[in-house]
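Handing you this structure, nothing more for now.
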Amino acid sequence: MRFAALAIVFGYLFTGCAKQDDANSTRGKFVKSLLSKMTMEEKIGQMTLYTSGWDVTGPVLNENYRKDILAGRCGNIFNAHTVTYNRELQKFAMENTRLKIPLLFGYDVIHGYKTIFPVPLAESCSWDLALIEKSAQLAAKEAASAGLNWTFAPMVDISRDPRWGRVAEGAGEDPYLGSLIAASRTRGFQGASLDDPLTLAACVKHFAAYGAAEGGRDYGTVDMSERSLREVYLPTYHAAVNAGAATVMSSFNEVSGVPATGNRFLLTKILREEWGFKGMVVTDYTSINEMVKHGYAADEKQAGEQAVSAGVDMDMQGAVYQNFLIKSVKEGKIPESVIDQSVVRVLNLKYDLGLFEDPYRYLNNQREKENTLSEEMLAHSLEIGRKSIVLLKNEPFNGVKILPISPEVHKIALIGPLADNRVDMMGTWHAAGDETRVVTVLEGLRKALPQCQINFAAGCETSGENRSGLDEAIRLASGSDLVILALGENYVQSGEAASRSILGLPGVQQEMLEKLSACGKPVAVLLMAGRPLVIRWMANHVPAILNTSHLGTMAGEAIADVLTGKSNPSGKLTMSFPRDEGQIPVYYSMKNTGRPLDPANKYTSKYLDVPNEPLYPFGYGLSYTSFGYSELKLSSDHLSMKDSLLVSVQIKNIGQMAGEEIVQLYIRDLVGSVTRPVKELKGFQKLMLQPGESKEVKFILRADDLRFYTSNMTFAAEPGLFRVMAGTSSMQYLEAGFELK
Ligand code: GLC
C-alpha cells in the first residue's frame, strides 16, 4: 500500500483536494473494474447511508441493517463505533455480500470522540491555528482507533445570529478567520494521507450558508444576494475543499428558493466546476426527503432525481435513492452514467481510506486501548481549554481586582448549576464523550487551591423555576471571601434544533445572580454557554466575567488554572456579544450606510433604546496583564497592484504578568463599485510577551488581500483609498491610510 499512499499524497499535493479521478490510475482501474461487476441495486447501495441501531445496553445489530447490508442495499453506516461493534458489522458485510465492498463508518466527531475538546466556537476564540489543527488530529486519532474512518466535520457555517443554536459548532462571524480554521481542522482530521488508520475523512458542512437562517431559527429560510453568499458564507467551505476535504455535506436549508440538497448551482457549478472538488457529496439527515416539505419536489421520487442530478452522491438515512432511483433510471429520467459517477466517488473514498486493501484496517483493539482517553488526549484538552477562555471583565471590587484569585482568599463559595457538572461541560455534539472523565469546576478548583475552603451549592438549575436552592446559595455566599458563579446553558440548550429567541441566562439563574451579587461579596462569573448570551445586567454589576463556554473533558482544570493565574487568559471573541436580542444581527464588519450613527443628529442609523455597538465586539478579550500599542507604520502611503505593503506596529506588555496577545489587522476600502464593510479582518498574530517586553509585529498586505466581488461580480481589488487598523480588537486599534494605485 506504500505506493498507493505515496500516490495519495502526490494526489493531494497536486490537486489540493480529493485525488484526481484519473481513470488510468491504479485506483481508477480498480474502481472501474469493480463498477463493471455491480448490479444497479448494489450501485445504489453504495449511495445509501444508514444510522446503526444501538440499544441502551450496548450495540446490537438492528435486523433491518443485516438485510440491507446483505442485499448490498446499504454500503455505509454512521453512528456505529468501537472496534468490537464495527468489526462485527464489517465482518458481516465481508462474509455475506456478493462483492465484499467494505462498509464506510461515519460519526459526528465534531470536537472530540471520547476525550472532548472545547466546542468549536470556544476553541476558535484561541485563534491558535496549530492547536486547533491538533484538536482535529487527536480527535481523529482517537476516533479512528475506535473503528471510524469518516467524520461529519468540520462544521464551517458562518453565522452572525446567536439565536441559532448551532453557532456552537462553528468558528464565529468572520470568513477570514473562519476559513483559516476550516483549513486547519480539515488538515487535522485527514493528516497526510487518508489510508493512515489514525486519520478520518473530513466532511465539510453544511453546504451552504446554513448559518444564515432567517430569525436564527434552525433549518430556516436562507435568502441572500450571490455577492453576500460568495463573499461571506462560501469562503470557509472553499478553504476546507482547498485543504483537501474528502467529502462535503449538503445542508437542510434552501438558498434563495432552491434547497441546498437539490441545488445544482451550489453542488456542481460552484463546488465542482469552480472549485474543482473531486470528492463525494453526502446529504444531511433525510434532507432529500425534506425537499417535498420545502415545496420543491412533488414527491420523494422527484426529490431523489433532483438531488442526484444536482450532484448529491449519498443519501443519509432518507432511503430515497434506495426506494426510487432504479425506477428513475429505468424511466430514463436519470442516466446510468450519473449513478456510476456517484458510485465511483464513493468507491474512490473507500479506496483512499485503504478499506479495499484491508477492510479491518481501522479495527485494532490494542490501538483503541492505547489511544482512548490517553494522557496525550487529556493534556491537549487541558491546553486548548485554557486557551479558549476569554476574559470579558476584571474590574476591582473595593479597590482590589478579583482575578487571579488572591492568596488572601481562604473561603470560596462556588455556586451554580454548572459548577459541579460533568455532562454539560462537554457541550453540544459530544459524540461518545466519557462524562465520567470530565473534571468539574469544583474538582478543578479544590485541586488547584487545597488550602482553600471551597463550598459548593448548585443554587438552581439551568432551566425551570425551581428556587428551592437559592437560600442555601445566599447563605454560602454571605459567609465567603469570594463567590464564583458557574452559570449558562446546559448542553442541549445550544446545538441542533436549539434556537433561542431570548438570550439571557436560562431558568432562574439571573435572579440568583442578582441575589448573590447583593450579598456584598466579590463575585466572579464563569459564563458557560454554546453561544454569545445577552448579559447586560451582569456586565454592569459583576466585577469579573470569564467566558469559558463548554470546554470539554478537562474543563474544570482549565478553568481553575485561569482563575488562579497559573494560566493567563488570552482568548478573543470570534462572535460579537449583542447588548440585546433586538440588535441582532450585530457583527463587526457592518456597512456604513448613508446615515451612519451621529449622536448629534437624530436622523442617523441608531436605536432609541440601545447603542449600536455590541456589548463585547469581535476580537475582544482581556488579559491579567495589559498591552500597549504604538507606532503603527506603513512602508509607503501607496500600494501598486503588483507589490506589497509592510505594516508594522509596536506592542508592549505594560503589566506585571507574562501574557499572550492576539494582534489583529483590519482594512477598510473607503470607496468601491459596491459598498464595502467598515472593516475586514486581514491578518492576526498571537505572541507571548514578558512583563516590560515589547515587540514589533509586521504584516504584509497585497492587492490580492483587498479583493471583493465588484459591481460586475468579478473578484478583484479596485484602486482607491484604504484605511488600515492594527489593534487588540475590532473596536480598539491604531489607524493609518494608504492608496491602492
Ligand atoms: C444532523 C446534523 C448533521 C449531522 C448529521 C448526522 O441532523 O445536521 O450536522 O452530521 O445529522 O448525525
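Evaluate E = 1/(1 + (r/R0)^6) for residue 24 and residue 298, where r is the Cβ-Cβ distance and R0 equals 51 Å; express this FRET efficiency to the nearest 0.05.
For R0 = 51 Å, the calculated efficiency reads 0.75.
Net charge near residue 587, counting Lys/Arg +1 and Asp/Glu -1 over other residues with Cβ under 10 Å of its Cβ?
Taking every Cβ under 10 Å from that of residue 587, the sum is -2.
Sort out for me the Cα centre separation of the stretch 73-139 from the stretch 509-576, rounded to whole Å.
If we compute the Cα centre of each part, the gap is 32 Å.
Treat each spin label as a single point 7 Å out from the Cα along the C-beta direction, and report the residue 443 to residue 475 distance in nm.
Spacing of the two 7 Å Cα→Cβ label points: 2.7 nm.
Rounded to two decimals, what is the ratio between the C-alpha radius of gyration of the stretch 627-740 and 2.2 N^0.38 Å?
The reported ratio for this selection is 1.15.
Any chance you could list P(r) for the stretch 565-640, counting all Cα-Cα pairs in 5 angstrom bins from zero, rounded to whole %?
So the P(r) values, bin by bin, are 3, 11, 15, 14, 14, 14, 15, 8, 3, 1, 0.
Could you work out how far apart the two model spin labels at residue 408 and residue 130 are, taking each label as a point 7 Å from the Cα in the direction of the beta carbon, and quote it in nm?
Label at residue 408, label at residue 130, 3.9 nm between them.
What ³J(HN,Hα) values, in whole Hz, does the Karplus curve 6.51 cos²θ - 1.76 cosθ + 1.60 give for the stretch 33-43 when θ = phi - 60°, with x put for Gly and Pro?
Each residue's phi maps through the Karplus curve to give 5, 5, 4, 5, 8, 7, 7, 4, 5, 5, 4 Hz.
Might you report the magnitude of the Cβ-based charge dipole of the stretch 383-578 about its Cα centre, with Lys and Arg at +1 and Asp and Glu at -1, to the nearest 20 debye?
480
Ranked from highest to lowest mean number of other Cβ atoms within 10 Å per residue, what is the order of the peptides 153-159, 373-379, 414-420?
Those peptides, ordered most packed to least, come out 153-159, 414-420, 373-379.
Evaluate the charge dipole of the chain about its Cα centre and quote only its size in Debye, nearest 20, assuming +1 on the Cβ of each Lys and Arg and -1 on the Cβ of each Asp and Glu.
The dipole of the chain has a size of about 940 debye.
Next question. Only residues of the stretch 230-261 count here: report those whose backbone N is under 19 Å from the spot 7 Å along Cα→Cβ of residue 716, or say none.
Zone members listed by number: 230-231.
Find how much the distance from residue 51 to residue 340 grows on full extension, using 0.36 nm per residue of separation minus their present alpha carbon separation; answer in nm with one decimal.
The span from residue 51 to residue 340 would gain 101.7 nm if fully extended.
Right, here's the next one. So which lysines pass the test for residue 327, namely a Cα distance under 23 Å, with those fewer than 8 places away in the same chain ruled out?
Straight-distance partners of residue 327: 37, 43, 67, 293, 301.
Additional query: Need the C-alpha centroid separation for the stretch 251-303 versus the stretch 697-741, integer Å.
Going from one Cα centre to the other spans 35 Å.
Given 0.36 nm per residue, what is the gain on full extension from residue 634 to residue 453 after removing their alpha carbon distance, in nm?
Taking residue 634 through residue 453 to full extension adds about 59.7 nm, to one decimal.
Compute the FRET efficiency between residue 514 and residue 40 as 1/(1 + (r/R0)^6), taking r as their Cβ-Cβ distance and R0 = 51 Å, and round to the nearest 0.05.
For R0 = 51 Å, the calculated efficiency reads 0.15.
Here's another thing I want to ask about it. Note the full-extension length gain between residue 566 and residue 641 as 0.36 nm times their separation in residues minus their Cα-Cα distance, in nm to one decimal.
Taking residue 566 through residue 641 to full extension adds about 22.3 nm, to one decimal.
Let me ask you something else. Can you tell me how the stretch 383-578 classifies by the Cα gyration tensor, rounded, prolate or oblate, using a/c under 1.5 as the rounded cut?
It comes out rounded by the Cα gyration axes.
Which order do the peptides 573-585, 481-493, 114-126 take when ranked by the mean count of other beta-carbon atoms within 10 Å per residue, highest first?
Highest-to-lowest ranking by the protection proxy: 114-126, 481-493, 573-585.
Count the net charge of all other residues whose Cβ sits under 15 Å from the Cβ of residue 522, scoring Lys and Arg as +1 and Asp and Glu as -1.
Here the charged neighbours net out to +1.
Hey, can you find the accessible area per residue of the stretch 383-578 for me, probe 1.4 Å, expressed in square angstrom?
Dividing the accessible area of the stretch 383-578 by its residue count gives 33 Å².
Next up: Taking the Cα of residue 92, stepping 7 Å toward and past its beta carbon, and measuring to each backbone N in the stretch 351-370: which are under 18 Å?
359-360, 363
Okay, next question. Using only the alpha carbons, work out the radius of gyration and Dmax of the chain in angstrom.
According to the Cα coordinates of the chain, Rg and Dmax are 26.4, 81 Å.
Listed here are the pairs 602/741; 369/411; 566/695; 411/686; 269/330; which of them are more than 31 Å apart at the Cα?
Table pairs above 31 Å Cα-Cα are 602/741; 369/411; 411/686.
So, with a 1.4 angstrom probe, what is the percent of accessible area on the chain that is carbon and sulfur?
Within the chain, the accessible surface is 51 percent carbon and sulfur.
For the chain, what does -39500 (n - 2.57) per DSSP helix run (n ≥ 4), summed and divided by total residues, give at 222 nm, in deg cm²/dmol to the nearest 500?
Calculated at 222 nm, the ellipticity per residue is -8000 deg cm²/dmol.
Right, something else. Over the chain, what is the relative contact order in whole percent, taking alpha-carbon pairs under 8 Å and six or more residues apart?
13
So, one more: Less than 15 Å apart at the alpha-carbon level, and either on another chain or at least 8 residues along: which aspartates and glutamates does that give for residue 29?
Result set, ordered by chain and number: 21, 340, 352, 357.
Sticking with this structure for a sec: Taking just the C-alpha trace of the stretch 496-651, give me its Rg and Dmax in Å.
Looking at the stretch 496-651, its Cα Rg and Dmax stand at 19.9, 63 Å.
Also, quick follow-up: 7 Å from Cα along Cα→Cβ at both residue 327 and residue 66: what's the point-to-point distance in nm?
It works out to 2.9 nm between the two label points.
Separate question: In whole Å and largest first, what semi-axes does the C-alpha gyration tensor of the stretch 77-210 yield when each eigenvalue is scaled by 5 and square-rooted?
After scaling each eigenvalue by five and taking roots: 30, 15, 12 Å.
Cβ under 13 Å from residue 704's Cβ, residue 704 left aside: what net charge do those residues give with Lys, Arg +1 and Asp, Glu -1?
Spelling it out: positives minus negatives among the neighbours equals +1.
The values are calculated or read from the model by the stated rules, or taken from the named source; none is laboratory data. None of these values were measured; they are calculated from a predicted model. Cβ: placed from backbone, ideal geometry, glycine included. Neighbour counts: every protein chain shown. Just the protein is used for accessible areas: all its heavy atoms, side chains included, with ligands, DNA and RNA removed. Shrake-Rupley method; radii C 1.70, N 1.55, O 1.52, S 1.80 Å.
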